[in-house]
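The values are calculated or read from the model by the stated rules, or taken from the named source; none is laboratory data. Only a predicted model underlies this, so the values are computations on that prediction, with no experimental measurement involved. Counting neighbours? That spans all protein chains shown, and the Cβs are built from the backbone with ideal geometry, glycine included.
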Amino acid sequence: MKKRKLFLAMGSVLVASLIVVFNSAIATTEPVTNNQMTDRVNNIATNTTDDLRSLSTRFDRPESLQGWQELQVEGWVPKWETPTVENGSLVLQPKSSGWFEDNQAGHLYREVTGDFIVTTRIRVEGTQTPIPQRSFSLAGLFIREPRTFTKASWTPNNENWLFFSVGTAFPAGSSQFEMKSTSNSLSTLKIADAPEGWMRLRVARSGELFTLLYQEENSDEWKVLEQFIRPDLPETLNVGITAYADWDSIAPDYPNYQKYNENGASTQNADLVAYVESIDFRRPITPRFPLATLDSRVSFDPKLSEERMKDLMAD
């Protein structure tokens, strides 16, 4: 009985200590009211000390691509047509390609160190229809551990990344989200229904926690769709955009990753065009904390969860 009481007491002390650590991290000289907390989050947009703001890009002219890096591997064929800027949008048109296990596709990125919130406004269409008609044809935010190699030096089982994309997954022809997490080239994916047309996608990193949100066109509401816990990912990541299409044409060569990566899919029937209006970066204002719960009703620190939610949904 004494041991049980001791364990309970130790647990109470641990929870209390965690709360004190967080509160000290965000403490001010005066108590923080709800209005002040809201103002602090809303003021992110005018925070001139945010070092990530300068990475934000509106694709309204060809020069907008300056400063962006494209994944290119010596000895491998490109997996998409050369990205262009047309009529106020970045235009991405993938070949038959995909990110799965050691299969790779197109990727434009900025190098980001530390916590971040990245947001894109995007629309995905088929080449002839409002929704692509080939399976796993999507585009969206892509976050990857940096790797440098050539055709000769490439080794399998070393891919670490996650993405949040929109288009059609399976069955083809339905508007869907795909969320995928890959660790040492082991991929796990989820599919969910998605609205059609323009929308905003967002991924927020807080240490090992990555939160995925979306906002429909003409709506002010952000919806949390998924969270990934990835303590294996390094401090510095390649953060940007991807587009891929037409798993049907890749499948016959799977799992011959080397053949696909070097030569591309044996047949080409890609059916996707993605339009990216902008990609915005900023720092979160809430610190890393060992709690993924966003619902304050079941959080042992409700104020933390409330502030994190406001931060996630602020512009």
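Yes or no, residue by residue, for (1) in a strand (DSSP E or B); (2) buried (at least 21 other Cβ atoms within 10 Å of the Cβ); (3) in contact with a Phe, Trp or Tyr (Cβ under 7 Å, 6 or more places away or on another chain); (4) at pLDDT below 95:
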residue: 195; (1), (2), (3), (4): no, no, no, no
residue: 205; (1), (2), (3), (4): yes, yes, yes, no
residue: 219; (1), (2), (3), (4): no, no, no, no
residue: 224; (1), (2), (3), (4): yes, no, no, no
residue: 232; (1), (2), (3), (4): no, no, no, no
residue: 244; (1), (2), (3), (4): yes, yes, yes, no
residue: 250; (1), (2), (3), (4): no, yes, yes, no
residue: 259; (1), (2), (3), (4): no, no, no, no
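For the list (1) touching a residue at least 12 places away in the same chain (Cβ under 8 Å); (2) at positive phi, I need the number of the one condition that residue 218 fails.
So residue 218 meets the others, but not (1).
For segment 151-193, what are the residues that are surrounded by fewer than 16 Cβ atoms within 10 Å (Cβ to Cβ), among the hydrophobic types (A, V, I, L, M, F, W, C), assigned to a loop (DSSP other than H, G, I, E, B) and touching a strand residue (DSSP E or B) at 6+ places or on another chain (Cβ under 7 Å)?
170
Only one of these conditions is not met by residue 95: (1) at pLDDT 50 or above; (2) not assigned by TED's automatic domain parsing to the domain that holds residue 122. Which number is it?
It is condition (2) that residue 95 fails.
Just to be sure I understand, how many residues within segment 138-150 are out of contact with any Asp or Glu (no Cβ under 6 Å at 6 or more places or on another chain) and either touching a residue at least 60 places away in the same chain (Cβ under 8 Å) or surrounded by 21 or more Cβ atoms within 10 Å (Cβ to Cβ) (or both)? If you could, list the steps in order and put the result at the bottom.
So the first thing to find is which residues in segment 138-150 are out of contact with any Asp or Glu (no Cβ under 6 Å at 6 or more places or on another chain), and the list is 139-149.
Pick out the ones that are also either touching a residue at least 60 places away in the same chain (Cβ under 8 Å) or surrounded by 21 or more Cβ atoms within 10 Å (Cβ to Cβ) (or both) and you get 139-146, 149.
Within segment 138-150, residues that are out of contact with any Asp or Glu (no Cβ under 6 Å at 6 or more places or on another chain) and either touching a residue at least 60 places away in the same chain (Cβ under 8 Å) or surrounded by 21 or more Cβ atoms within 10 Å (Cβ to Cβ) (or both) number 9.
Considering only segment 292-306, how many residues are among the polar types (S, T, N, Q), assigned to a helix (DSSP H, G or I) and within 19 Å of residue 208 (Cα to Cα)? If you could, list the steps in order and put the result at the bottom.
Start the filter on segment 292-306 by keeping residues that are among the polar types (S, T, N, Q), which leaves 293, 296, 299, 305.
Still in the running and assigned to a helix (DSSP H, G or I): 296, 305.
Then drop every residue that is not within 19 Å of residue 208 (Cα to Cα), which leaves 305.
Here the count works out to 1.
Kindly establish whether residue 211 is of a type in the set (Val, Ile, Thr), buried (at least 21 other Cβ atoms within 10 Å of the Cβ) and more than 21 Å from residue 105 (Cα to Cα). Walk me through it before giving the result.
Details: of a type in the set (Val, Ile, Thr): yes; buried (at least 21 other Cβ atoms within 10 Å of the Cβ): yes; more than 21 Å from residue 105 (Cα to Cα): yes.
Against the criterion (of a type in the set (Val, Ile, Thr), buried (at least 21 other Cβ atoms within 10 Å of the Cβ) and more than 21 Å from residue 105 (Cα to Cα)), residue 211 qualifies.
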